[in-house]
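J.: Dumping the structure here so I can ask a few things about it.
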Amino acid sequence: GKMQYMAPDLDCEADDGRSHRKAASTDGSYGSLQAKLDLSDPRASRFLHVYTFFQQAVPYLIGLWFLWSAGHRVLGMLQGHPVSQMLAPSPAPGSSALSRPHCATYTYPQCEQAMHWYSLGGARDRCEAFERVKAEGDAFKYPYQKDSQDVCSEPGCCGCPGQCSKCPPMLPECSSWRLDGVWRVAFTDGAEATYRFDSHGHCEMTQPVSSLPLIWKSYDGAYVPQGNDLVAKWATVQEALALCQSTARCRSLVFDANTQTPEGKYYIFLKTIVEIVFLPGATWRSYINEERPKFIQNAAVAGPLTEVGKDGQTFRLDLHLASPHLFPEGSADLINVRNGELQVQRVMQVAYERVNGTGYQLKSNGLP
């Protein structure tokens, strides 16, 4: 006969399919949400309705965000130069993006009132009153606003160093100002630039990115690996940096400080790569130049002019102060007008010689 073994204390139920349905409802997470919810429950039905609504709404929300982002970018481009063509001066800080003027378009609505106050206080004439306003420093936070009196502890806090005052950098009636207008300048190294001056002493210089100076970083105890040489020669550091500036594909230079001659020259290698190897204690020194901005044709630098000397004939544009990420420290243009021509002497950091430029006036402000 057949033997049946039954576990003690366990009830045996007929397999009528109910046990299979119960297992199928609990042992997995596959299937649609509707299959997992008891739609006879009103709360489950409401949950399913809300869930379906959000599923349908998400693509529309993503589309709206994309349209807003694209529209915001287009609006920003319309407010200034196209990003693909111009690296423009940074706007000064302000209450909103649309109210932030560029350095070259500053206005000074509080200047006349400030000068009048000093005239009442004993200034002999408008020029002396103007100088007293300028002597307050370069810490007026919002020069372009009519009512703000905010000041700060750091000079240049308005975002345009040299322009953070109630009055502009220049007052035409108080200087021999002859630079108003637009001038095109050609430099002796082949570079070209356009200068725009206004009656307030603002200057905006536009120059192709390809002719911008190289900005160097130096590393002691580091060398560029062997190979990838362009030139190897005896030269001073300044001569080598200038040579690299004018040599195609030159990205770095390296030399051993122990090779220095009494004339201050080293045996220097000009390289096409920027990878360096650090060797603590070594006498190798490397100079690496940073790449110029890509996908941008022109760079625009804006800043105030300051008088050089007492004759009021020569003015200085501090290029590094106006744009430290494009021009190394010590870079400046010395500008004057001689025989109807604009004379520009560009002074770079110690690594470079001075470059001279001569320009002609394209148009004078106020003329077509």
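The values are calculated or read from the model by the stated rules, or taken from the named source; none is laboratory data. None of the values given here were measured: they were computed from a predicted structure. Cβ atoms come from the backbone with ideal geometry, glycine included; neighbour counts cover every protein chain shown. Only protein heavy atoms, including side chains, enter the accessible area calculation; ligands, DNA and RNA are left aside. Shrake-Rupley method; radii C 1.70, N 1.55, O 1.52, S 1.80 Å.
J.: Per-residue counts of other Cβ atoms within 10 Å, averaged by peptide: what ranking do you get for 135-141, 164-170, highest first?
T.: The packing order, highest mean first, is 164-170, 135-141.
J.: Here is a further query. Would you mind counting up the charge near TYR219? Only other residues with Cβ under 15 Å from its Cβ, with Lys and Arg at +1 and Asp and Glu at -1.
T.: 0
J.: R0 = 41 Å: FRET efficiency of THR105 with TYR60, Cβ-based, nearest 0.05?
T.: 0.55
J.: Leaving out ligands, DNA and RNA, what percent of the accessible area of the range 236-318 is carbon and sulfur, probe 1.4 Å?
T.: 53
J.: Pull out the extension gain between VAL308 and THR247, defined as 0.36 nm times the separation in residues minus the alpha carbon to alpha carbon distance; nm, one decimal.
T.: 18.6 nm
J.: Also, I was wondering about something else. Work through the residues other than GLU329 whose Cβ is under 13 Å from its Cβ and net out their charges, Lys, Arg +1 and Asp, Glu -1.
T.: Surrounding charge for GLU329 is 0.
J.: Still on this structure, I have one more. So, with +1 on the Cβ of K and R and -1 on the Cβ of D and E, and no other charges, what is the size of the charge dipole of the range 216-257 about its Cα centre, to the nearest 20 debye?
T.: 180
J.: What's the local net charge at GLY122, with K and R +1, D and E -1, over the other residues with C-beta under 10 Å away?
T.: Its environment carries a net charge of +1.
J.: Assigning unit charges at the beta carbon (Lys, Arg +1; Asp, Glu -1) and nothing else, what dipole magnitude in debye, to the nearest 20, does the range 294-342 show about its Cα centre?
T.: Result for the range 294-342 is approximately 100 debye, rounded to the nearest 20.
J.: Sort out for me the Cα centre separation of the range 247-274 from the range 121-157, rounded to whole Å.
T.: The two parts, judged by their Cα centres, are 48 Å apart.
J.: Probe of 1.4 angstrom, ligands and nucleic acids ignored: what's the accessible area per residue over the range 145-300, in square angstrom?
T.: 50
J.: Say each of GLU263 and ALA232 gets a label point 7 Å from the Cα, pointing the same way as Cα to Cβ; how far apart are those two points in nm?
T.: Distance between the two pseudo-spin positions: 2.0 nm.
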